[in-house]
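The structure appears right after this line, and notes come after that.
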Amino acid sequence: MADDNLKGQRVLLCVGGGIAAYKALELVRRLREAGAQVQVAMTAGAQHFVTPLSFQALSGSPTRTTLWDSAAEASMGHIELARWADRILIAPATADLLAKLAHGFADDLVTTLCLATTAPITVAPAMNHRMWGHPATQANIATLRARGVQVIGPEDGPLAEGESGPGRLSEPGAIVAALSPQAESAVAIDQALKGLKVVVSAGPTYEDLDPVRYLGNRSSGKMGFAVADSARRRGAEVVLIAGPVHLATPAGVKRVDVRSAAQMREAVFAAFPADIYIGAAAVADYTPRAPAANKIKKSNESLALDLVRTPDILSEVAAQTQGLKLVVGFAAETENVAGYARGKLVAKHLDLIVANRVGVADGGFESDQNAMTAYWQDGERVFNPGAKTRLADDLIELIVERLNA
Ligand code: CTP
């Protein structure tokens with residue numbers, strides 16, 4: 001990434017003690033490529049995985065490892081180092097480090113630097129997925145977020161110990177990109193949705209054909225999860241009704257996992273009353289009339305499935321306007337995007353519909369990127385294409401505007 005989005009910035013990279021510490025070496029290189037000056041501080045644990053010398057070679061500055069190094073303190077004391085930094089990036093941020101930061105510990109160099117600084121802090125967590133999902137870690141993350149700390153990742157995928165789940169350190173390039181000035185401004189957002197309850201549906205639904213097979217779709221759930229996270233960061237109480245996806249639950253969001261369209265409908269209505277409904281899920285339009293109790297055996301050359309319409313959750317929600325201030329739908333279209341989207345806006349009695357073109361390269365269902373346009377009765381807004389996390393922030397901003405319109 002030759003982008004110099006960190007030009008002239010002084011970044012203090014604090015490396016925690018996890019296996020992902022090796023990726024922090026690449027991070028130094030990426031930060032420097034992005035124009036930053038980098039100094040590195042390591043916890044004692046981090047030094048079991050990577051040597052201070054490796055970081056020194058890549059950063060061009062001596063690596064700081066302890067509070068008690070008189071030579072290092074003589075050249076730049078730890079308080080000066082905390083002041084030197086324009087921003088602090090902690091990667092990998094272990095569960096232990098997050099806990100210490102959340103509670104204001106200062107028992108080693110890294111925690112002391114973080115307590116002594118006035119610079120913005122970003123953490124990129126990496127740990128076992130159960131440690132990440134533990135209520136203690138989630139509470140620590142929520143505390144840090146509430147204090148304005150930017151959290152990047154973790155990502156879902158295979159973990160070092162042979163398991164899989166949310167816990168992987170985000171890729172160095174993605175971390176550096178998320179540190180851009182735009183991303184920074186997105187972190188310091190107001191609490192415009194405070195006091196409001198938002199229900200978001202996300203992901204696909206799976207309609208079971210028999211005990212081993214189902215009808216599904218390629219929705220990743222990323223957009224809905226990003227929208228839930230964004231609404232939460234704007235101060236809303238958020239309930240996220242998630243179809244079958246393996247994504248980490250955004251901090252502070254109440255998640256209800258469902259499988260089928262019927263279950264999703266039930267969970268959505270159970271979450272009401274609410275102020276805002278955002279239907280980002282790709283709900284199946286048809287479901288088998290009666291799922292087979294046993295595995296369907298192959299017999300004839302062809303097989304016809306008997307499918308019936310599912311309830312349209314979004315239309316039902318919009319029809320019961322009791323207490324709802326805004327109902328937002330999504331439309332995935334392959335052609336005539338504006339025409340079909342506006343048609344759904346009217347037919348489903350929505351306040352807002354967000355359309356995106358699917359079936360194009362670099363956008364839509366499985367991608368991290370998206371291009372979207374929102375339509376309401378007498379207006380529309382084309383969002384700048386970009387990461388789903390940023391688009392989610394833009395959409396929530398529009399929702400705040402429409403609420404106040
Ligand atoms: N939706 C819903 N319940 C359904 C189907 C869709 O709540 N049973 C919601 C989705 O969450 C999304 C919007 O409706 O917000 C999508 O509208 P829809 O008309 O179902 O889109 P498509 O399924 O793409 O419709 P079509 O196949 O007719 O284009």
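The values are calculated or read from the model by the stated rules, or taken from the named source; none is laboratory data. These numbers come from a predicted model, not from an experiment. To get the accessible areas, we keep the full protein, side chains included, count just its heavy atoms, and leave off ligands, DNA and RNA. Shrake-Rupley method; radii C 1.70, N 1.55, O 1.52, S 1.80 Å.
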Inset, instruction - With θ set to phi - 60°, apply the Karplus curve 6.51 cos²θ - 1.76 cosθ + 1.60 along segment 119-127 and write out the HN-Hα couplings as whole Hz, x wherever there is a Gly or Pro. - result: 6, x, 10, 10, 10, 10, x, 8, 5
Legend entry - Contact order normalised by residue count of the chain, Cα under 8 Å, 6+ apart, percent: 11 percent
Inset, instruction - Report K194's accessible area, 1.4 Å probe, all protein chains in place, as a number in Å² to the nearest 10. - result: 140 Å²
Legend entry - Computed Rg/Rh of segment 34-119, alpha carbon atoms with Kirkwood Rh: 0.93
Legend entry - Relative intensity, log₁₀ I(q)/I(0), of segment 225-295 from a Debye sum that treats every alpha carbon as a point, q = 0.12, 0.21 Å⁻¹: -0.37, -0.94
Legend entry - For segment 212-229, 3J(HN,Hα) per residue [Karplus equation, 6.51 cos²θ - 1.76 cosθ + 1.60, θ = phi - 60°, Hz, x = Gly/Pro]: 10, 10, 8, 9, x, 8, 8, 4, 8, x, 4, 5, x, 5, 5, 5, 4, 4
Inset, instruction - Excluding residues on the same chain fewer than 8 positions from K348, give the lysines whose Cα lies under 21 Å from its Cα. - result: K325
Legend entry - Beta bridge orientation in segment 10-179: antiparallel %, DSSP, nearest 5: 20 percent
Inset, instruction - Determine the alpha carbon to alpha carbon distance for each of K298/K344; K100/K194; K197/K388 and list only those over 31 Å. - result: K298/K344
Inset, instruction - Return a whole-number percent for the relative contact order of segment 179-299, with Cα pairs under 8 Å and 6 or more residues apart as the contact set. - result: 36 percent
Legend entry - Over the chain: helical MRE at 222 nm, DSSP H runs n ≥ 4 each giving -39500 (n - 2.57), nearest 500: -9500 deg cm²/dmol
Legend entry - Stokes-Einstein D for segment 10-179, Kirkwood Rh over Cα pairs, 37 °C, 0.692 mPa s (µm²/s): 209 µm²/s
Legend entry - Exposure rank, largest accessible area first [R147, R213; 1.4 Å]: R147, R213
Inset, instruction - Please report, to one decimal in angstroms, the Kirkwood hydrodynamic radius of the chain built from all distinct Cα-Cα pairs. - result: 22.9 Å
Inset, instruction - Tell me which residues come under 5 Å, amide H to amide H, from L307 once H is placed; ignore anything under 5 positions away on its chain. - result: R289
Legend entry - segment 211-313, accessible surface, carbon-and-sulfur percent (1.4 angstrom probe): 50 percent
Legend entry - Distance between segment 324-343 and segment 369-405 - C-alpha centres, whole angstrom: 12 Å
Legend entry - Amide proton proximity set for R255, modelled H, under 5 Å, gap of 5+: L240
Legend entry - Cut-off under 5 Å, modelled amide H: who pairs with M372 long-range: F383
Inset, instruction - Determine the distance separating the Cα centre of segment 81-132 from the Cα centre of segment 1-34; give it in Å without decimals. - result: 15 Å
Legend entry - Order of exposure, largest accessible area first, which applies to I152, I79 with probe 1.4 Å: I79, I152
Legend entry - Accessible surface of segment 10-179, 1.4 Å probe, proportion on carbon and sulfur as whole %: 57 percent
Legend entry - Relative contact order (percent, whole number), segment 10-179, Cα cutoff 8 Å, 6+ residue spacing: 23 percent
Inset, instruction - Calculate, for segment 49-150, the solvent-accessible area per residue in square angstrom, rolling a 1.4 angstrom probe over the heavy atoms of the protein chains. - result: 45 Å²
Legend entry - Partner aspartates and glutamates for K297 [C-alpha distance under 19 Å; skip if fewer than 8 residues away on the same chain]: E207, D208, D210, D306
Legend entry - segment 283-296 - phi-based ³J(HN,Hα) in whole Hz, Karplus 6.51/-1.76/1.60, Gly and Pro as x: 7, 4, 7, 10, 9, x, 4, 8, x, 5, 6, 10, 4, 6
